[in-house]
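Each remark here refers to the structure printed beneath this line.
The values are calculated or read from the model by the stated rules, or taken from the named source; none is laboratory data. As the structure is a computational prediction, the values presented were derived from the model and not from experiment. Glycine also receives a Cβ, built like all others from the backbone with ideal geometry; neighbour counts cover every protein chain displayed. Note: areas computed on protein heavy atoms with side chains; ligands, DNA, RNA excluded. Shrake-Rupley method; radii C 1.70, N 1.55, O 1.52, S 1.80 Å.
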Amino acid sequence: MPPPFVLPLSRSTEPSLVGGKAASLARLIAAGVYVPDGCCVTTHAYEHCLASLGFAAADRWRDALRRSGDERREDLRRCREIIRRSQLEGLVAMLLDVLAANNGIKERRWAVRSSATNEDTAHASAAGLYHTALDVRWASIAGGITDVWASLWEERVVEYMLNTGRDDAPPAMAVIVQPLLQAAIAGVATSIDPVTGHARHVTINAVHGLGLPLVDGRMAPHQYVVDVQFGRVIRHIAADQHERLVVAAGGIAMEPIPSADRDRPLLSDSRLLEVAALVKRIEEVLRTPVDVEWAVEAERVWTLQARPLTAVSAASEITNDDCEWSRANFKETLPELPSPMGLSFLERFMDIYIVAKYRWLGCRIPSRLSPVRVFAGRPYLNVTLFHVLVAQLGGDPSLNAEHMGGTPVRSAPAVQPLPWSVRLRAGWLMWREMRRVFRRSAGSFGDMKALASRYSREGVRAFSLAEAQDRLVELGRWLDSREVTFGIAAGAGQCLQVFSRILPRWLGTDWRRLLNDSLQGQGTVISAQQIVRIAELVQAAGKDPVACHVFRAGWTPGHYRRSFGGSPFVSAFDRYLEDYGHRGVGESDIMSARLADQPEALLHVIKSQLEGASATLEQISSRQEATRKHALAAIRARCGRRLDRWLIFRWWHRRLSRFFSLREANRHHLMWYSLAARHLLLRAGELLADRGVLVSAEDIFFLRLEELEALDDASTDTWANRIEKRRAEREQWTAGPAPDVIRSWEDPVDRLLNPPLKRDLALHGLPISSGMVTGPVRFVKTTADWSRIRSGDIIVAPVIDPGMAPLFGIAGGLIVEMGGTLSHGAIIAREYGLPAIANVSRAMSLLSENEEVTLDAAKGIVRREKAASGP
């Protein structure tokens, strides 16, 4: 049986017979996609008509290739004239037979489109090469078909075939005949970002009316980007459109767009999501990224054409733009706006001491991912990257948010675990790293404190600029062989991974509360010792009449030593500053002031404890010990006769306690190391200010680490302008908040910064230190707020900054917007026994100062007396 001349579009499945465009539409119809019904005039019909005209296509094609310029153009013109002489009465009759199910065929308007055998293929799209006829009356249908056939013999087609290396034979031409849609809106969409290849970004261009002016490039479209992963529009670039192409009584024509239509959005978010979902569905059916022409008629989205995207492919690796980001873990130890120098230290630390360690274990790290990214001056952790790393090692990445703070990755990429051989090797390397931590940490900690002594403010006073720069380089190399953060974090994370798997089955749903309580008051967490030392200072002040008088009457600001005179309290206070004065709020930023720089904030804490009913040292110790013993007894009872469970728990419990202690000791001593670097930087800043390169010594913190080596390579004005610009940016960023989580880096800023508030009677978060307490809300953002804290207040803060530890002796409870069970502040709060809840989203906005709340830290609930009125 010879091939048919005409096929229903739904049966046009063979590309050699119907061309690439018709074959794609047939696949879409079979998949249930809305495509205007119609038929296809096959390549067999084209070839038969050429043969009846005595037109030898292969010979004429070779002749055209041999010619050039005017000679080729004239030859091709004669070819088109011959093809247009085709007599198609019999073919039109066949069309009528195939379309017989359609009523009113002759009254309809028709779209006649090309479907060449080299069109819309995986190798070449031939987009825009061939003729499309819209608004064809049935009486002119034969002319529409021959015009499409003839368009194959245009000079641009020959040039295209030569450029793509497919000029050995002419393509064959099929023709699609469909009813013309009276589109209200039309456009083109790509299933991936055609520039970056991001697979989750669908780009959509749209115009009023028919889409021909857009396809022809005669009209600028509205441009949209839709993130299909999170179902939202992330970009819209509007176009100034005053006309549209419509189907009018006399044919298609341009008409003015009514002002009412121009003023309202061309496409609603719901319609954009519908188009994006359609395009992704087509990509799935055709199994390739696609470029889709679509139109809206009668509130339905129709597909007119779908071709493979040949000039771009989906990105093979995820990129930073595909990742989710969180301020978790950074926000608790850095100020709201870290300095450029602090950010460069952070980026270097994460690259060299964290991510490089995972690579050492054998993890595959996509080349275009970084662990840190900055938005509005704030650093964000790449939580998608750490999800991938933990999953590769066979761990449970869903626990990352609980351990580090923040929220879980909402859309996790597929991760292939590492082969068992690699994971076994990684396990051995991690065990070896943990052993190194146990063996060498004490010595490294002592060396860090010695560095702070060696490079004290007085110790660096005689250094030249070159000497200060050299010592900073040496400090970086010095840390390379002594850094133990990764081993400690890995050890604590390993313990919590084990407990998360076994304790729910052994202890029940409240296993977190029991575990948190069992970790209280062991006396081994150096950061929590601050609280005990503050309590000692309160006792010393209470026994000293001079100190009691000064705390009642007040001291001279900036001259507290003169106010206390020769009181023994001052000596005890100085010893505290010697041990803890290098700590501070936002202490991971090298620019941040230390407690020794602002001792009066500590004096206000002591004053509040003297005036309030603060717990004594004995009461603190007794409470912590009772809580710990009660929790351990409950755990032992729930293990029942299973002695093996109890022994396993105790082994891992001791190990976790040790790693928690090491984690805080490491931070405590890293701050000595940071202090040494701070003194060297300030010395360099002083010398540069003397030369006029900087205005003040503190300006050096507005440079980045790598810029220190280039200070002599640029003019004074260059550095001054750079610093002035960064200070101005900082002021601008201070004016507005930043989101804690970014799930799409291209989100509009107003969506990120101003999500709607929901003022419920109960807020929920992650319990990190159990207990129940009722008290007034007190916001704490900086050390300036410390003087307002009174005994029993419920501190509400963005994060648990470890530098806030002195306040824990006064506060009744703690609520923070972000934090995790492994965070430094959580370890301190748990050790002290302060009821605390983390990850209470937007607590600083939802709660009000002085509002009475009940904090149930065992269940992670903040209960309010009544919901505050909305904004």
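Which of the residues spanning the stretch 183-241 are hydrophobic (A, V, I, L, M, F, W, C), closer than 20 Å to Arg264 by Cβ, in contact with a Leu (Cβ under 8 Å, 6 or more places away or on another chain) and open to solvent by 30 Å² or more (accessible area, probe 1.4 Å)? Hits for the stretch 183-241: nothing passes. Of the listed requirements (1) out of contact with any helix residue (DSSP H, G or I) (no Cβ under 8 Å at 6 or more places or on another chain); (2) in a loop (DSSP other than H, G, I, E, B), Met591 misses just one: (1). Assess whether Ala541 counts as being among the hydrophobic types (A, V, I, L, M, F, W, C), under 30 Å from Ala684 (Cβ atoms) and in a helix (DSSP H, G or I). The answer is no for Ala541. Looking at Leu662, Leu680, Leu647, Leu670, just one residue is open to solvent by 30 Å² or more (accessible area, probe 1.4 Å) and either of a type in the set (A, V, I, L, M, F, W, C) or in a helix (DSSP H, G or I) (or both), and that residue is Leu647.
One line per residue, one yes/no per condition, for (1) at pLDDT 90 or above; (2) surrounded by 17 or more Cβ atoms within 10 Å (Cβ to Cβ); (3) assigned to a helix (DSSP H, G or I):
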| site | (1), (2), (3) |
| --- | --- |
| Ala676 | yes, yes, yes |
| Val695 | no, no, no |
| Asp699 | yes, yes, yes |
| Glu706 | no, no, yes |
| Asp712 | no, no, no |
| Trp733 | no, no, yes |
| Leu752 | no, yes, yes |
| Pro767 | no, yes, no |
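Leu343 satisfies every condition listed in (1) in a loop (DSSP other than H, G, I, E, B); (2) more than 19 Å from Gly487 (Cα to Cα) except (1). Only one entry in Val188, Val246, Val202, Val215 is touching a residue at least 60 places away in the same chain (Cβ under 8 Å), in contact with a helix residue (DSSP H, G or I) (Cβ under 6 Å, 6 or more places away or on another chain) and not charged (D, E, K, R), namely Val202.
Give Trp555, Trp511 a once-over and let me know the one that is free of Cβ contacts under 8 Å to residues at least 40 places away in the same chain, under 49 Å from the mean Cα position of the chain (by Cα), open to solvent by less than 50 Å² (accessible area, probe 1.4 Å) and more than 19 Å from Phe808 (Cα to Cα).
Numbers: Trp555 fails: free of Cβ contacts under 8 Å to residues at least 40 places away in the same chain.
Exactly one residue qualifies, and that residue is Trp511.
Ala412 passes every criterion in (1) surrounded by 20 or more Cβ atoms within 10 Å (Cβ to Cβ); (2) touching a His at 6+ places or on another chain (Cβ under 6 Å) apart from (1). Listed by first and then second residue, the pairs with beta-carbon distance under 8 Å, at least 6 apart or on different chains, first residue in the stretch 339-366 and without any contact (Cβ under 8 Å) to a residue 12 or more places away in the chain, second outside any helix (DSSP H, G or I) and open to solvent by less than 50 Å² (accessible area, probe 1.4 Å), are Arg359/Ile365.
Matching residues to (1) touching a residue at least 40 places away in the same chain (Cβ under 8 Å); (2) out of contact with any helix residue (DSSP H, G or I) (no Cβ under 7 Å at 6 or more places or on another chain):
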position: Ser444; (1), (2): yes, yes
position: Met448; (1), (2): yes, no
position: Glu458; (1), (2): no, yes
position: Glu467; (1), (2): no, yes
position: Leu475; (1), (2): yes, no
position: Trp478; (1), (2): no, yes
position: Gly487; (1), (2): yes, no
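Considering only residues that are surrounded by 19 or more Cβ atoms within 10 Å (Cβ to Cβ) and of a type outside the set (A, V, I, L, M), which ones fall in the stretch 378-394? If you could, list the steps in order and put the result at the bottom.
Step one: list which residues in the stretch 378-394 are surrounded by 19 or more Cβ atoms within 10 Å (Cβ to Cβ), which gives 378-393.
Within the stretch 378-394, Arg378, Pro379, Tyr380, Asn382, Thr384, Phe386, His387, Gln392 qualify.
Scanning the stretch 368-393 for residues that are assigned to a loop (DSSP other than H, G, I, E, B) and more than 29 Å from Arg726 (Cα to Cα) yields one hit, Leu393. Ser16 meets each of the listed conditions (1) open to solvent by less than 60 Å² (accessible area, probe 1.4 Å); (2) more than 22 Å from Ala295 (Cβ to Cβ); (3) among the hydroxyl-bearing types (Ser, Thr, Tyr); (4) not in a loop (DSSP other than H, G, I, E, B) apart from (1).
Given the criteria under 18 Å from Ala186 (Cβ atoms) and of a type in the set (A, V, I, L, M), does Val246 qualify? Steps first, answer last, please.
Values: under 18 Å from Ala186 (Cβ atoms): yes; of a type in the set (A, V, I, L, M): yes.
Criteria met by Val246.
Candidates are the residues of the stretch 46-78 that are among the hydroxyl-bearing types (Ser, Thr, Tyr) and exposed (fewer than 15 other Cβ atoms within 10 Å of the Cβ); the one that is farthest from Ala150 (Cα to Cα) is Ser68.
Annotation: of all residues in the stretch 561-616 being farther than 17 Å from Gln539 by Cα and among the β-branched types (Val, Ile, Thr), the one that is most open to solvent (accessible area, probe 1.4 Å) is Val585. Can Arg505 be described as without any contact (Cβ under 8 Å) to a residue 60 or more places away in the chain and open to solvent by 20 Å² or more (accessible area, probe 1.4 Å)? Here the answer is yes, as Arg505 does meet what is asked. Taking the stretch 394-451 as the range and being outside any helix (DSSP H, G or I) and closer than 30 Å to Ile837 by Cβ as the test, the residues that pass are Gly395, Asp396, Gly405, Gly406, Thr407, Pro408, Val409, Arg410, Ser411, Ala412.
Just one of (1) of a type in the set (Val, Ile, Thr); (2) assigned to a helix (DSSP H, G or I); (3) over 30 Å from Pro338 (Cα atoms) fails for Thr556. It is (2). Confirm whether Val605 is touching a residue at least 60 places away in the same chain (Cβ under 8 Å), closer than 30 Å to Arg378 by Cα, among the aliphatic types (A, V, I, L, M) and in a helix (DSSP H, G or I). Answer is yes for this residue. Scanning the stretch 471-502 for residues that are assigned to a helix (DSSP H, G or I), more than 19 Å from Glu706 (Cα to Cα) and open to solvent by 50 Å² or more (accessible area, probe 1.4 Å) yields Gln494, Arg501. Might you check whether a residue that is hydroxyl-bearing (Ser, Thr, Tyr), over 35 Å from the mean Cα position of the chain (by Cα) and crowded, with 19+ Cβ neighbours inside 10 Å occurs anywhere in the stretch 447-470? Yes, there is a match, as at least one residue in the stretch 447-470 is hydroxyl-bearing (Ser, Thr, Tyr), over 35 Å from the mean Cα position of the chain (by Cα) and crowded, with 19+ Cβ neighbours inside 10 Å. Selection over the stretch 516-547 of residues that are touching a residue at least 40 places away in the same chain (Cβ under 8 Å), out of contact with any strand residue (DSSP E or B) (no Cβ under 6 Å at 6 or more places or on another chain) and open to solvent by less than 30 Å² (accessible area, probe 1.4 Å) gives a count of 15. Taken as a whole, the condition of being in contact with a Ser or Thr (Cβ under 7 Å, 6 or more places away or on another chain), open to solvent by 50 Å² or more (accessible area, probe 1.4 Å), at pLDDT below 85 and not in a helix (DSSP H, G or I) does not apply to Ala127.
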